[in-house]
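The values are calculated or read from the model by the stated rules, or taken from the named source; none is laboratory data. Keep in mind that this is a model prediction, so the values were computed, not measured. No Cβ is skipped: glycine too gets one built from the backbone with ideal geometry, and neighbour counts run over all protein chains shown.
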Amino acid sequence: MRNQRATQLLFELSHPGRGGAVLPACDVPQQPIAELIPDKHRASARPPLPELAEPEVVRHYANLSTLNMSVDTHFYPLGSCTMKYNSKRNERVAGLPGIVDLHPYQPESTLQGLLHLLYELQCYLAEIAGLPCVSLQPAAGAHGELTALMVAAAYFRHQGRPRHKVLAPDSAHGTNPASAAMAGFEFVTVRSNPQGFVDLEDLDAKLDDDVAVFMITNPSTLGLFERGMRSIAERVHAKAGLIYLDGANMNAILGICRPGDFGADMMHFNPHKTFSGPHGGGGPGAGPIAVAERLGPFLPTPVVERVEVGVPGASPAPPQQSVWGGASLAPGTRALAADTQTNTCYRYRLAYDRPESIGRVRSFFGNTGVLVRAYAYIRTHGPEGLRRVAENAVLNANYLLSQIKDVLPVPQGNRCTHEFVASAARLKAERGISAMDIAKRLLDYGFHAPTVYFPLTVKEAVMIEPTETESKETLDAFAAALRTIVQEPAELLHEAPHTTIISRPDEVTAARKAVLRWKD
Ligand SMILES: *Cc1c(COP(=O)(O)O)cnc(C)c1O
């Protein structure tokens, strides 16, 4: 049965004169509006807004909201996107009045608590990345890529030898080539071998002195940890190029290994994937980046700096001495230790005085609400907890892989990290059932669809990422649904989903010429 609620627009439900509030009669002298606001600033007619009573509005939106699938309502194995359940606790923390009532134009001296928090977040991300200098500014993962590539460009310009090319493997996320192009680089694809790893011969063939950055997603979108990582890093570094680590898959390696230790010079985090930021709907997001020390000076402004202001009771230390910049964070050092083991007092500042900086990439100092959630997530889990997140994400993915590989083969093998890419190519050849048919039919079974047709290197790709927050029962139910679906008649699958308000819109037309009206 299709869900028939919320099928009309508010405009269609409108009744002239109806409203959500009744105001008492005015008890002060009234003045004609024309005397208060000059003609040229007044609209000639009222805006054509719908007029409804409050319960009508509430029901409309409450019903609309039930047409969506979300991590709060359904299993959401959308590969590459890490749609794990986000604990409500972090929402509450980010909504505390001391956070949400702040204004970015407040004087810095009244923002010390928030700046302290952001500074610590910079330190945690530096430690998780194994890269000492952090910018919290970028507004999404893709924006982090763009920012880091602009940092790389500035670095090479500063050395007096600008470079023009960015390389990435063919399994890369579409944002990698897009970011490279936006940052003004020529983008060159490096082939993957049949096992899904970077083809080192092809890399060698394309690597020259004009390559600024090799972008790599590791673990890759195929859910594989790049076996040749060390060798790739050596080759790129031998040509004085930089390695960019697309950190979308950090959920697989948190606390287990650090990009900076396996060769990365720059990376982004996706807090909405890894650290419980709200996800989807186009934002708001954040995409902090971490970079090697030599790239630190080029980061966008402002960065949050900590300034020592002395030890209580001792003679005051000279102010303005910055301890941020990375050198104090030796690999493996716990960033907080320095704070708690001494009685030193600090104040925090937004540093704009960075002459090599690429400048601003976003208003104010980043998407604070998302960053606070990331902070809460990291503090809640601690180093051991973050490691368990990754271990359980990998365990869940391998369990699910083992449950479904006989009905949907996984070309790149029997083991994965946090996600894996199955293929419907055989089903398509034998029975005409596509990855899209399976994805759409899963909606009828109460599961959000996996990612399909990405990465491009796998035919009829069905990319599944269960995440660590799902129970064995959920994974079993999902595997059972897939087993049932692949037995169903092809005609039924071609028309799926059968239980949603709209079945199969033409996706391109739907995106380009949205018709937001329900027609029976
Ligand atoms: C999600 C993702 C991105 C882009 O991140 P956004 O935060 O969505 O901009 C880049 N690379 C990979 C591999 C991703 O999964």
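Count, please, the residues in the range 140-182 that happen to be part of a loop (DSSP other than H, G, I, E, B), within 20 Å of the chain's Cα centre (by Cα) and away from the ligand (no atom under 14 Å from the Cβ).
Looking only at the range 140-182, we keep the residues that are part of a loop (DSSP other than H, G, I, E, B), and these are 140, 159-164, 170-174.
Now restrict to residues that are within 20 Å of the chain's Cα centre (by Cα): 140, 171-174.
Cutting the leftovers down to away from the ligand (no atom under 14 Å from the Cβ) gives us none.
Selection size over the range 140-182: 0.
Quick check on His74: is it over 27 Å from Thr175 (Cβ atoms) and either in the same structural domain as His418 (by TED's automatic domain parsing) or surrounded by 14 or more Cβ atoms within 10 Å (Cβ to Cβ) (or both)? Break it down stepwise before answering.
Numbers: over 27 Å from Thr175 (Cβ atoms): no; either in the same structural domain as His418 (by TED's automatic domain parsing) or surrounded by 14 or more Cβ atoms within 10 Å (Cβ to Cβ) (or both): yes.
Against the criterion (over 27 Å from Thr175 (Cβ atoms) and either in the same structural domain as His418 (by TED's automatic domain parsing) or surrounded by 14 or more Cβ atoms within 10 Å (Cβ to Cβ) (or both)), His74 does not qualify.
Restricting attention to the range 85-106, does a residue exist that is outside the structural domain of Phe478 (by TED's automatic domain parsing), surrounded by 10 or more Cβ atoms within 10 Å (Cβ to Cβ), under 30 Å from Lys440 (Cα atoms) and in contact with a Lys or Arg (Cβ under 9 Å, 6 or more places away or on another chain)?
Within the range 85-106 (the criterion being outside the structural domain of Phe478 (by TED's automatic domain parsing), surrounded by 10 or more Cβ atoms within 10 Å (Cβ to Cβ), under 30 Å from Lys440 (Cα atoms) and in contact with a Lys or Arg (Cβ under 9 Å, 6 or more places away or on another chain)), the answer is yes, since at least one residue qualifies.
Taking Arg157 as meeting all but one of (1) in contact with a strand residue (DSSP E or B) (Cβ under 6 Å, 6 or more places away or on another chain); (2) more than 28 Å from Gly228 (Cβ to Cβ); (3) among the basic types (Lys, Arg), write down the number of the exception.
(1)
Only one of these conditions is not met by Ile256: (1) at pLDDT 95 or above; (2) in contact with a Lys or Arg (Cβ under 7 Å, 6 or more places away or on another chain); (3) farther than 16 Å from Leu131 by Cα. Which number is it?
Ile256 satisfies every listed condition except (3).
Which one is farthest from Arg431 (Cα to Cα), of the residues in the range 453-498 that are modelled with pLDDT of 95 or more and among the polar types (S, T, N, Q)?
By that ranking, first place goes to Thr469.
May I ask you to say which residue of Asp199, Asp209 is over 19 Å from Pro455 (Cα atoms) and either away from the ligand (no atom under 16 Å from the Cβ) or touching a residue at least 12 places away in the same chain (Cβ under 8 Å) (or both)?
Answer to the check: Asp209.
For Leu295, indicate whether it is in contact with a Ser or Thr (Cβ under 7 Å, 6 or more places away or on another chain), among the hydrophobic types (A, V, I, L, M, F, W, C) and modelled with pLDDT of 85 or more. Full working, then the answer.
On the way: in contact with a Ser or Thr (Cβ under 7 Å, 6 or more places away or on another chain): no; among the hydrophobic types (A, V, I, L, M, F, W, C): yes; modelled with pLDDT of 85 or more: yes.
Against the criterion (in contact with a Ser or Thr (Cβ under 7 Å, 6 or more places away or on another chain), among the hydrophobic types (A, V, I, L, M, F, W, C) and modelled with pLDDT of 85 or more), Leu295 does not qualify.
Condition first: in contact with a Leu (Cβ under 7 Å, 6 or more places away or on another chain) and either more than 16 Å from the ligand (Cβ to nearest atom) or assigned by TED's automatic domain parsing to the domain that holds Thr469 (or both). Now tell me which residues in the range 254-303 satisfy that.
Answer for the range 254-303, where residues must be in contact with a Leu (Cβ under 7 Å, 6 or more places away or on another chain) and either more than 16 Å from the ligand (Cβ to nearest atom) or assigned by TED's automatic domain parsing to the domain that holds Thr469 (or both): Gly255, Gly260, Asp265, Val291, Ala292, Pro302.
Just give me the residues in the range 233-271 being outside any loop (DSSP other than H, G, I, E, B) and among the charged types (D, E, K, R), in sequence order.
Once the filter is applied, which keeps residues that are outside any loop (DSSP other than H, G, I, E, B) and among the charged types (D, E, K, R), the range 233-271 yields Glu234, Arg235, Asp246, Asp261.
Go through the range 215-232 and give me each residue that's in a helix (DSSP H, G or I) and either in the same structural domain as Val462 (by TED's automatic domain parsing) or crowded, with 19+ Cβ neighbours inside 10 Å (or both).
Once the filter is applied, which keeps residues that are in a helix (DSSP H, G or I) and either in the same structural domain as Val462 (by TED's automatic domain parsing) or crowded, with 19+ Cβ neighbours inside 10 Å (or both), the range 215-232 yields Met229, Ile232.
Go through (1) loosely packed, with under 14 Cβ neighbours inside 10 Å; (2) without any contact (Cβ under 8 Å) to a residue 24 or more places away in the chain; (3) aliphatic (A, V, I, L, M) and name the single condition Leu456 misses.
Of everything listed in (1) loosely packed, with under 14 Cβ neighbours inside 10 Å; (2) without any contact (Cβ under 8 Å) to a residue 24 or more places away in the chain; (3) aliphatic (A, V, I, L, M), Leu456 misses just condition (2).
Starting from the range 133-148, keep only residues that are within 15 Å of Leu350 (Cα to Cα), then list their pairs with residues that are basic (Lys, Arg) and within 14 Å of the ligand (Cβ to nearest atom) whose Cβ atoms are within a distance under 7 Å, requiring at least 6 positions of separation or different chains.
Gln137/Arg362
Looking at the structure I just gave you, is Thr217 among the β-branched types (Val, Ile, Thr), more than 22 Å from Val462 (Cα to Cα) and within 16 Å of the ligand (Cβ to nearest atom)?
Against the criterion (among the β-branched types (Val, Ile, Thr), more than 22 Å from Val462 (Cα to Cα) and within 16 Å of the ligand (Cβ to nearest atom)), Thr217 does not qualify.
From the residues in the range 112-139 that are surrounded by fewer than 22 Cβ atoms within 10 Å (Cβ to Cβ) and not in a helix (DSSP H, G or I), which one is farthest from the ligand (Cβ to nearest atom)?
Ranking the qualifying residues of the range 112-139, first place goes to Gly130.
Residues that are more than 25 Å from the chain's Cα centre (by Cα) and within 27 Å of Thr66 (Cβ to Cβ): which helices (runs of 4 or more DSSP H) entirely in the range 407-520 hold 3 or more of them?
Working: elements: 425-431, 435-444, 472-485, 490-494, 507-512.
Qualifying helices (runs of 4 or more DSSP H): 435-444, 472-485, 490-494.
Residue by residue through the range 78-101, note down the ones that are closer than 22 Å to Ala248 by Cβ, outside any helix (DSSP H, G or I) and not basic (Lys, Arg).
Hits for the range 78-101 are Leu78, Gly79, Ser80, Cys81, Thr82, Met83, Tyr85, Asn86, Ser87.
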